[in-house]
Amino acid sequence: MSLIACNECQGKVSDSALACPHCGCPLPNLNEEDKNELKEKIELSKYRTLCGFFFFGGIAWIYFGTVDAIDKDAALSEVWQSARWFIGIGFFGYLVGEFINGIDDMKRKRKRKTH
Ligand SMILES: [Zn+2]
């Protein structure tokens with residue numbers, strides 16, 4: 001643990017502090033670029049959670065829609081008609097998120113090299 005200068009007010013702050021004690025700036029030890037990266041990571045994890053909600057929601061829908069059914073095949077084909085969209089959106093959304101994240105990571109690495 002060491003003291004560094006806050007990015008906002010230049011006051012001394014611990015490098016492990018979550019907020020500056022002088023100006024209240026969150027994560028004072030991160031520069032703008034790191035902060036943007038962190039923000040993107042948080043957005044991505046929110047997005048992943050949403051995709052997971054769709055995906056596993058669809059699976060749960062199939063499970064609960066067929067678990068008590070007498071004719072399981074008929075129940076499954078009926079539930080599948082709607083649940084497949086949830087599973088598809090969740091799965092496809094996850095892939096798109098990973099793809100965009102991969103491109104962003106590549107851009108970031110390239111940017112760092114040129115600095
Ligand atoms: Zn500060």
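Since every read-out is calculated from the coordinates, none of them should be taken as a lab result. All of these numbers come straight from a predicted model, not from anything done at the bench. Virtual Cβ from ideal backbone geometry, glycine too; neighbours counted across all protein chains shown.
Largest GNM mean-square fluctuation across ILE70, ILE62, ILE100, computed for the chain with C-alpha springs under 10 Å, falls on ILE70. Taking a ≥ b ≥ c as the square roots of the eigenvalues of the Cα gyration tensor, the range 38-107 is prolate, since a/c reaches 1.5 or more and a/b is larger than b/c.
Our helix-only sum for the chain, with -39,500 (n - 2.57) per DSSP H run of n ≥ 4 divided by its residues, gives a mean residue ellipticity at 222 nm of -25000 deg cm²/dmol. Cysteines in the chain that lack a partner Cβ within the 4.7 Å cut-off: CYS51. Partner lysines whose Cα lies under 30 Å from the Cα of LYS113, excluding those fewer than 8 positions away in the same chain, are identified as LYS12, LYS35, LYS39, LYS41, LYS46.
Axis of helix 32-66 versus longest Cα principal axis of the chain: the two differ by about 10°, to the nearest ten degrees.
Counting only residues at least eight positions apart within a chain, or on another chain, the aspartates and glutamates with an alpha carbon under 18 Å from that of LYS109 are GLU32, GLU33, ASP34, GLU37, GLU40, GLU98.
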